[in-house]
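Handing you this structure, nothing more for now.
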Amino acid sequence: WGLFDRCELFARMWHLLLVFYLCYCLAYIINKLWQERKVHQLQDQAPTVGRKQRVIVIGAGPGGLTTIKQLKDEGHDVFCIEKYGDLGGVFFASNEKGGVYDSALLTISSHMMAFSDFPPQESVRWWQHEEYMQYLKSYAVTFDLFRHIQFNSAATKITKDVDGWTVHYAYKGEERHEHFDAVAVCCGAHHVPYFPNPPGIETFTGEVHHAATYKNSKIYQNKKVVCVGIGETAADVVYEVAQAASECTLSMRRKPWVINRNPYFPNYPNDLYTTRFRWSANPRIYDFLLTSFYWVLIHVIGIRNPHARVQRELCEASGGGPSSQFLVKNERFIDAIVTKKCQPRGAIDRIEKDTVYFQDGSSVQADMILFCCGYISDITLVENMRISNVREMFKHAFHPKLGASICFIGWARPNTGGVPACAEMQARYFALLLSGKRSLPANWEGLTKAEAIRDTTQFHNSARLNTLVQYSTFMEDLAKLIGCQLPLFSIAVTDFRLWFRLAFAAQYPSQYRLRGPHSLTESSMKFLSRVPFAPYPFTLRVVNVFAPVLTWSIHVLSAGFLFGRPLAFDKTSLWS
């Protein structure tokens, strides 16, 4: 065998491999088009007239409002009770309730925070909490939701009946109970503050607060404050406290993965990068490439900007990549660290009177401890039932022991993207279930366990946040159940410009109104045609393009066209 013969053999093998690859791609496209056609046929056979049921919605926050709207669309009789005197949930602030802090700026952009059936007409930007409250009120007025809401009514207990549910609630001091066919619990996951219990906390001689009650930094003026935990709210709180306090220390059990609000260019929020193409990459491949890129920036090239350097060092020390944990989409606290107004420390080891000791051996004196540790998901409204892990529920909404007539909406928190968008999809599915137009999958209990294992494994760096979901996967799964999933391969053939926007622009909620039940095709197309693409800097563009391409290449090669069924095909494919 000479060199020429070996080159010729290699060329023949390469051509053969290329033919197999092209055949695989062609078969994959035909298979997807066939599946989309079958889905359309099944949806056309779905009943158009459903059952009308009497449903109570508990809570008039963003999740509760969209649930009322989706139930109304299906013709159900809806009654909503809200604990406080106005709608908005955690975004409603009052002297009685507390609520959001004065300077709160949402960490999700306006277009990703809005509902799919009421997209904002303005350019994408960050909303102040008062602006989002105004959006919610406009939503309620537009769809006539106020007449369904009874304010100052607090749910106390839900009991199961033979043919439905009895809901007990207090209205203006009077205990009441009513029977309903179905219940939507929309209180959300941000109501029970989480207080860690470090050794010696009972001996602390100063004041202990939680960020849930934080309004502004006035009470921390000229105090020695230890802030515990760092999340999106804490990023603002720590910065404000550091400006007012005489001494501020930030205790972090684990370093966070921090993303700038506008990471690369002005007026382009970080969630505009939540594209289908980006999320098609294998999480491990994407995380490996991005963490490697950050390591090179820090240790090889060097970062002169001190803010950027602190941010990259926090990301590197977080213990994983962005796909394995909750992302802190607010970099404001980094300025306090850079300017030395806040000293970062590790986890608290113990507390002795007015002294806080840390696991790194250091200690500080403190007048106040401010816990910024988020909330716990503890659902105890249902009699004789306590749900402490929402991953026990199908799509974080339907518990196997309770069935489809009670739904928990708002306990799905995407690592990027908005909670209201996920809540709206849950509500749409719930409304269709009650109408009899959809049903829970036959193996929904098994699917729940499999998804719980998948999410727990993926988000292993944020183990305590069991509400965490991957936005793209969660939305697509629910779209498939609702019947509004987009036939991307068919769209690529018939309308390439639309397909390009769906693949490479942000995964806006309005995409899920292009087709399916209660679609708003014309207005959704108009909205999607004017939203911006997010530009990438060259270095990150390489990572965001190479990761999906490498994922699909490995997928194709590992599938083995000659050695069994391709991995990309579902069990219901034409290869079955």
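If you check every pair at least six apart or on different chains, which have Cβ atoms under 9 Å apart with a residue in the stretch 444-464 that is touching a residue at least 12 places away in the same chain (Cβ under 8 Å) and hydroxyl-bearing (Ser, Thr, Tyr) first and a residue that is open to solvent by 60 Å² or more (accessible area, probe 1.4 Å) and in a helix (DSSP H, G or I) second?
Correct list of pairs: Thr448/Glu392.
I'm trying to understand the selection: among the residues of the stretch 67-110, which are of a type outside the set (Gly, Ala, Ser), in a helix (DSSP H, G or I) and either surrounded by 24 or more Cβ atoms within 10 Å (Cβ to Cβ) or modelled with pLDDT under 95 (or both)?
Thr67, Ile68, Lys69, Gln70, Leu71, Val90, Phe91 - these are the residues of the stretch 67-110 that are of a type outside the set (Gly, Ala, Ser), in a helix (DSSP H, G or I) and either surrounded by 24 or more Cβ atoms within 10 Å (Cβ to Cβ) or modelled with pLDDT under 95 (or both).
When you scan the stretch 319-354, how many residues do you find that are touching a strand residue (DSSP E or B) at 6+ places or on another chain (Cβ under 6 Å), open to solvent by less than 30 Å² (accessible area, probe 1.4 Å) and of a type in the set (S, T, N, Q)?
1
When residues of the stretch 182-192 are filtered for being open to solvent by 30 Å² or more (accessible area, probe 1.4 Å) and among the β-branched types (Val, Ile, Thr), how many remain?
Residues that pass the stated criteria total 1.
Same structure again: Got a sec? Which strands (runs of 3 or more DSSP E) wholly within the stretch 176-233 have at least 1 residues that are acidic (Asp, Glu)?
Once the strands (runs of 3 or more DSSP E) in the stretch 176-233 are filtered for at least 1 residues that are acidic (Asp, Glu), what remains is 207-210.
Among Arg278, Arg332, Arg312, which is within 30 Å of Tyr536 (Cβ to Cβ), free of Cβ contacts under 8 Å to residues at least 24 places away in the same chain and not small (Gly, Ala, Ser)?
Going through Arg278, Arg332, Arg312 in turn, the sole match is Arg312.
Those residues that are among the polar types (S, T, N, Q) and open to solvent by 60 Å² or more (accessible area, probe 1.4 Å), I need them from the stretch 476-518; list them, please.
Thr494 - this is the single residue of the stretch 476-518 that is among the polar types (S, T, N, Q) and open to solvent by 60 Å² or more (accessible area, probe 1.4 Å).
List every residue pair whose Cβ atoms sit under 6 Å apart, with the two residues 6 or more apart in sequence or on different chains, where the first one lies in the stretch 396-412 and is touching a residue at least 12 places away in the same chain (Cβ under 8 Å) and the second, anywhere, is surrounded by fewer than 24 Cβ atoms within 10 Å (Cβ to Cβ) and of a type in the set (Asp, Glu).
Taking only residues 6 or more apart or on different chains, the pairs are Pro400/Glu445.
Hey, among His148, His190, His177, which residue is modelled with pLDDT under 95 and not basic (Lys, Arg)?
His190
Same structure, new question: Looking only at the stretch 355-375, count every residue that is open to solvent by 60 Å² or more (accessible area, probe 1.4 Å) and of a type outside the set (S, T, N, Q) and tell me the total.
Of the residues in the stretch 355-375, 4 are open to solvent by 60 Å² or more (accessible area, probe 1.4 Å) and of a type outside the set (S, T, N, Q).
Would you please name the residue that is surrounded by the fewest Cβ atoms within 10 Å (Cβ to Cβ), looking only at residues in the stretch 193-240 that are among the charged types (D, E, K, R) and under 23 Å from Arg254 (Cα atoms)?
Taking the candidates together, the pick is Lys224.
Separate question: Take the conditions in contact with a helix residue (DSSP H, G or I) (Cβ under 8 Å, 6 or more places away or on another chain) and not β-branched (Val, Ile, Thr) and apply them to Ala211. Does it pass?
yes
Return the residues of the stretch 367-395 that are more than 30 Å from Ser472 (Cβ to Cβ) and either without any contact (Cβ under 8 Å) to a residue 12 or more places away in the chain or out of contact with any Gly (no Cβ under 6 Å at 6 or more places or on another chain) (or both); say none if nothing qualifies.
Correct list: Ile369, Leu370, Phe371, Thr380, Leu381, Val382, Glu383, Asn384, Met385, Arg386.
Which members of the stretch 421-432 meet the condition of being buried (at least 24 other Cβ atoms within 10 Å of the Cβ) and out of contact with any strand residue (DSSP E or B) (no Cβ under 9 Å at 6 or more places or on another chain)?
Ala423, Glu424, Met425, Arg428
The values are calculated or read from the model by the stated rules, or taken from the named source; none is laboratory data. Quantities reported herein were computed from a predicted structural model and do not represent experimental measurements. Ideal geometry is used to build each Cβ from the backbone, glycine not excepted, and the neighbour counts take in all protein chains shown. Ligands, DNA and RNA are excluded from the accessible area calculation, which covers all protein heavy atoms including side chains. Shrake-Rupley method; radii C 1.70, N 1.55, O 1.52, S 1.80 Å.
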